[in-house]
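Peer 1: Structure incoming, see below.
The values are calculated or read from the model by the stated rules, or taken from the named source; none is laboratory data. Because the structure is predicted, anything quoted here is derived from the model rather than measured. Neighbour counts run over all protein chains shown; Cβ positions are idealised from the backbone, glycine included. Remember, those area values only see protein heavy atoms, side chains included, never the ligands or the DNA or RNA. Shrake-Rupley method; radii C 1.70, N 1.55, O 1.52, S 1.80 Å.
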Amino acid sequence: MTRDFTIFAGTANRRLASAIARELNVTLGSSTVERFPDGEISIQLAEPVRGREIFVVQPTSPPVNDHLIELLAFADACRRASAARITAVVPYFGYARADKRHGRREPITASMIADLMQTVGIDHLITLDLHAPQIEGFFRIPVDSLTAVPTLARALRDRLPDDAVVVSPDAGRVPAATMYAHRLRTSVVVLHKQRASGTETRITHVVGEVRDRACVIVDDMISTGGTMAESIEALLAAGARPEFTLVATHGLFLPGARAKLDHASVRAVVVTDSVEIESDDWPRLEVVSVAPLIAEAIRHTLIDGALEIV
Ligand code: R5P
């Protein structure tokens, strides 16, 4: 048995929210979001939520802080209007890279955000390819941490050269790269990456054989494009064939990123729609929808009110 439910969309990715609603044969809940000249956000739910299961779809993508406050304000509005349960659907979780302290006197911002979400009354989180899986541990509420790896691997199958290897651009991506390699029936090469700053990285070693082989570089996100661009240079220097497919769950593509990835050897850039992207003017970009995956997680959440990890 499923409870009555409503899906609201914040402004971060209405297209994905609508696609999820279509998968579930419902229309989006009615709401308005306004921005005041001083930067403050005002939200109004235009329909009752009393006793209903509420899903708020809002990746905390750039502008991260605005989108985060919007999500919190949506949840606050739903809680004050007596929603039965509030699920935040956050396909891209901003600040996930701030999951530990690198030195003294630093915050763990991802943990602070988990506290904020719970304080405003979010009862359940659905998210996708968290930068660090241990972020789940910052929450006391249930977290359904989905992965887009099977969806993306399906989109890649049958179009890669037989000799392609999967490349993990750093140690943190090895588990995901291994999942890709397993599904694409190939092996994994690991790069040793050092980060000099938020925008600068350096690859120091290539672990594995890439000579004359095509490469599929997989990452959780493409932000400035620096990691992918550095990885391409390191792999070419190690003798890889100039035939790269770049794959990531979250395509943030900050200004300058596309230029870095418009390398002659890049055959395709494949990402999901976890973050709203305009793809029309970039023929190399392919966007694979995670709406069916998220809709399935919502269905599981609704069945008898049970929360299941899917
Ligand atoms: C870092 O640890 C992440 O997994 C990504 O490799 C990184 O955030 C990508 O960012 P950028 O595109 O700015 O190099």
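Peer 1: What do you get for Rg/Rh of the stretch 73-208 when both radii come from the Cα atoms and Rh is the Kirkwood radius?
Peer 2: Numbers: Rg = 18.5 Å, Rh = 17.4 Å.
In the stretch 73-208, Rg relative to Rh is 1.06.
Peer 1: With a cut-off of at most 12 other beta carbons within 10 Å, and DSSP calling the residue loop, which GluC sites (Glu not before Pro) in the stretch 117-220 qualify? Please list them. Show your work: numbers first, answer last.
Peer 2: On the way: sites: Glu136, Glu200, Glu209; in loops: Glu200, Glu209.
Those satisfying the criteria are Glu200.
Peer 1: Of all trypsin sites (Lys or Arg not before Pro) in the stretch 1-44, which ones are in loop regions per DSSP and have a Cβ with at most 14 other Cβ atoms within 10 Å?
Peer 2: When the trypsin sites (Lys or Arg not before Pro) of the stretch 1-44 are filtered for loop state and at most 14 Cβ neighbours within 10 Å, Arg3 remain.
Peer 1: Helix hunt in the chain: which complete DSSP H runs extend at least 18 Å axially by C-alpha with mean Kyte-Doolittle at least 0.0?
Peer 2: Span-like helices in the chain: 64-80.
Peer 1: Which GluC sites (Glu not before Pro) in the stretch 9-95 pass both tests, a DSSP loop state and at most 13 other beta-carbon atoms within 10 Å?
Peer 2: Answer by residue number: Glu40.
Peer 1: Ok, one more. Between Arg105 and Arg202, 0.36 nm times their residue separation minus their Cα-Cα distance comes to what?
Peer 2: Full-extension gain reported as 32.3 nm.
Peer 1: When the chain is fully extended, how far beyond the present Cα-Cα distance does Gln118 get from Leu254, taking 0.36 nm per residue of separation?
Peer 2: 46.0 nm
Peer 1: Report Asp262's accessible area, 1.4 Å probe, all protein chains in place, as a number in Å² to the nearest 10.
Peer 2: About 80 Å², ignoring ligands and nucleic acids.
Peer 1: Here's something else I'd like to know. Kirkwood Rh and Cα-based Rg: tell me the resulting Rg over Rh for the stretch 204-310, rounded to two decimals.
Peer 2: Here Rg/Rh amounts to 1.10.
Peer 1: In Å², and per residue, what accessible area does the stretch 149-288 have when probed at 1.4 Å with the other protein chains present?
Peer 2: 45 Å²
Peer 1: Shifting gears a bit: If each of Gln134 and Ile303 carries a label point 7 Å out from its Cα toward its Cβ, how far apart are those two points in nm?
Peer 2: That separation, rounded to one decimal, is 3.3 nm.
Peer 1: Then there's this: Which order do Leu160, Leu68 take when ranked by solvent-accessible area (1.4 Å probe, heavy atoms of all protein chains), largest first?
Peer 2: Solvent-accessible surface, decreasing: Leu160, Leu68.
Peer 1: If you roll a 1.4 angstrom probe over the protein chains with everything in place, what fraction of the accessible area of the chain belongs to carbon and sulfur, to the nearest %?
Peer 2: Values: 7160 of 14170 Å².
That share works out to 51 percent.
Peer 1: Right, another one. Whole-Å semi-axes of the chain's equivalent ellipsoid, largest first, each the root of 5 times a Cα gyration tensor eigenvalue?
Peer 2: 36, 20, 18
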